[in-house]
1. K37: net charge of surrounding residues, Cβ under 13 Å, Lys/Arg +1, Asp/Glu -1, itself excluded?
2. So how do 53-59, 119-125, 31-37 stack up, highest first, on mean other-Cβ count within 10 Å?
3. How large, in Å, is region 26-125 by the Kirkwood hydrodynamic radius built from its alpha-carbon pairs?
4. Taking K and R as +1 and D and E as -1, what net charge do the other residues with C-beta under 14 Å from the C-beta of Q46 add up to?
5. By per-residue mean of other Cβ atoms within 10 Å, what is the highest-first order of 101-107, 46-52?
Amino acid sequence: MNRRELLKTGAACGLLLALPLGCQQTLRLHDWNTLAKWTTGLNTDQVKALGKSAAALQAAPQWRGELPDLPMVNWLQEGAGSAAGPESLKHALGSESRQQFASNQSVILDGWVISRLEAALCALAVT
């Protein structure tokens, strides 16, 4: 192998090794409070009030168990991350909430009728 071929091979191997690092996307964490506000459209005080009522209904671990399995969404201890960004995360949460309403998966908290996803996010926002 001559010097030119060695350099070409070395450069090609370097690019192949760096490719997965360049393609890797880091998830931006969105906290429970932000997720609850996005999904419900309520302000922080309203989210806290509903969250306290939801926490009285069932414990935070039970609400975490009700979080739906959504494409491109990773549920983390502090909130959620999405590889596709905040707009797609908002859309996925809104879509799931509407589907839950359509299938009567809702709860009544302090006179508000909200989806179980919204209740879960509010409860987790106050823990």
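Quick note: the coordinates plus some simple rules give every number you see, no bench work behind them. Keep in mind the model is a prediction, meaning the values are calculated, not measured. Ideal geometry is used to build each Cβ from the backbone, glycine not excepted, and the neighbour counts take in all protein chains shown.
1. Working: positive: K48, K90; negative: D31, D45, E118.
Local net charge: -1.
2. Details: 53-59: 16.4, 119-125: 27.6, 31-37: 21.4.
Result, highest mean first: 119-125, 31-37, 53-59.
3. Values: mean 1/r = 0.0756 Å⁻¹.
One decimal place: 13.2 Å for the Kirkwood radius.
4. After counting each charged neighbour, the total is 0.
5. Descending packing order for the listed peptides: 46-52, 101-107.
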